[in-house]
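For reference, the structure is listed below as structure tokens.
The values are calculated or read from the model by the stated rules, or taken from the named source; none is laboratory data. What you are looking at is a predicted structure, and each value in this text was computed from that prediction instead of being measured. Using ideal geometry, Cβ is built from the backbone for each residue, glycine included, and neighbour counts are taken over all protein chains shown. Heavy atoms of the whole protein, side chains included, go into the accessibility calculation; ligands, DNA and RNA do not. Shrake-Rupley method; radii C 1.70, N 1.55, O 1.52, S 1.80 Å.
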Amino acid sequence: MPITLALRNIFRQRLRSGVTLMAVAFGVVGLILAGGFIQDIFVQLGEAIIHSQTGHLQVFKKDFLDKGTRSPERFMIESPAELEARVSQIQGVDAVMGRMYFSGLLNNGKRDFAIIGEGLEADKEARLGTLVMITGGRHLKGTDTDGIMLGDGLARSLGLKPGDRVTLLANTAEGAMNTLDLQVIGVFQTFSKEYDARAVRIPLRAAQELLYSKGVNLLVVSLHETRDTERVLSLVETALDGSEFEVRSWRTISDYYDKAVQLYDRQFGVLQFIILLMVLLSVANSVNMSLFERQGEFGTMQALGNRRQDVVRLVIMESALLGLVGAALGVIVGVLLAIVVSAIGIPMPPPPNSNVGYTAMIRIVPLTVVVAFFIGFLATVMAAVLPARKISRIPIVDALRQNI
């Protein structure tokens, strides 16, 4: 009976019910779209980091992250083939590739420029680096024994283009100076503008020749699916337990990503609070006006023997039904809008410290959809509690006067 009466009252007050439904649905749609947009930022930023720089996992000697940047020659993996074979056997691993890091000077025939360099296995890295943009020339190949790729900012600073010859100078592990004459094969852009302003990439064998070493600084692990990162990380940690090596995931290596996630999470939390407050105020205003006009009705109910709790229960039931329908409507509209917007795409400018823009979309995140639904529903119910208690405490005689 209370549900039937609540439904009749909702349809009787069509205008106010419609306003309440729109407020709830609008709030839910806003949460779904904002949450899906922010989740897309997280996914695309993570994939950009993985597929342009870090890979999914990295295996290296202990303390390499803390001390290896100053003296990478002290943290060489001298026999990487055996370690690479062990890691490659783990389920979920797509490829394992060695990298060697160095610093030195790049000479274009006119001046020297300080650079950071990577020696890499070209064919494997080309498959991993799907989000490395080539702005000139091409990727390195395994057959390029004397090729070099330059970051876009570095190439512009030195006025270099594919086909030009350069000289690379670096110190070997023993402290001697060594040089290589190389040909520029390509110019690349990653997600990091700062990195592109100083980075060069050369074949791993060329880097080993430059530094007089046969080892690598670390092994980069590429996975079939990014969502398997934590599972494979645990398996690799187990495989390396008790050895001199450790493994880190791309999230641990990239401090920038975690800081960006924390920033956007806080912003989304503020947005959720604002939308909750907006729905509360909108629904509370609508409920207050409706209850003021229905004082005589509630007075009649109490005169016929209904208790105050029955009045409160009826009002909350009406709001709960409106909240349920409004939140469900918001979910349907929000999901449809997310699909349409994602099909069209949202052109985005380059993020801070980046050269490359991207096309954003609205991801349908089940948890975000559920949270948005309950925020809309609970806000509607909460908005009716205080007005319902207030109207139920009006003396019956005063309430009945409204019928005159």
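Of note:
- Some residue of segment 341-353 being at pLDDT 90 or above and closer than 23 Å to ALA260 by Cβ: yes
- Among the residues listed as MET301, MET289, MET278, the single one being more than 33 Å from the chain's Cα centre (by Cα), surrounded by fewer than 17 Cβ atoms within 10 Å (Cβ to Cβ) and at pLDDT below 85: MET289
- Scanning segment 19-62 for residues that are buried (at least 24 other Cβ atoms within 10 Å of the Cβ) and of a type in the set (Ser, Thr, Tyr) yields a single hit, THR20.
Every residue, every condition in (1) more than 20 Å from ALA206 (Cβ to Cβ); (2) open to solvent by 50 Å² or more (accessible area, probe 1.4 Å), yes or no:
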{"position": "ARG86", "(1), (2)": "yes, yes"}
{"position": "ASP94", "(1), (2)": "yes, yes"}
{"position": "GLY98", "(1), (2)": "no, no"}
{"position": "SER103", "(1), (2)": "no, yes"}
{"position": "GLY109", "(1), (2)": "no, yes"}
{"position": "LEU131", "(1), (2)": "yes, yes"}
{"position": "ILE134", "(1), (2)": "no, yes"}
{"position": "ILE148", "(1), (2)": "no, no"}
{"position": "ARG156", "(1), (2)": "yes, yes"}
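- Residue in segment 91-108 that is free of Cβ contacts under 8 Å to residues at least 40 places away in the same chain and not hydrophobic (A, V, I, L, M, F, W, C) present: no
- Considered as a group, the residues in segment 136-146 that are surrounded by 17 or more Cβ atoms within 10 Å (Cβ to Cβ) and of a type outside the set (D, E, K, R) include one that is nearest to LYS193 (Cα to Cα), and that residue is GLY136.
- Scanning segment 163-185 for residues being open to solvent by 20 Å² or more (accessible area, probe 1.4 Å) and among the hydroxyl-bearing types (Ser, Thr, Tyr) gives a total of 2.
- Taken together, the residues in segment 193-217 that are of a type outside the set (Asp, Glu) and without any contact (Cβ under 8 Å) to a residue 40 or more places away in the chain amount to 0.
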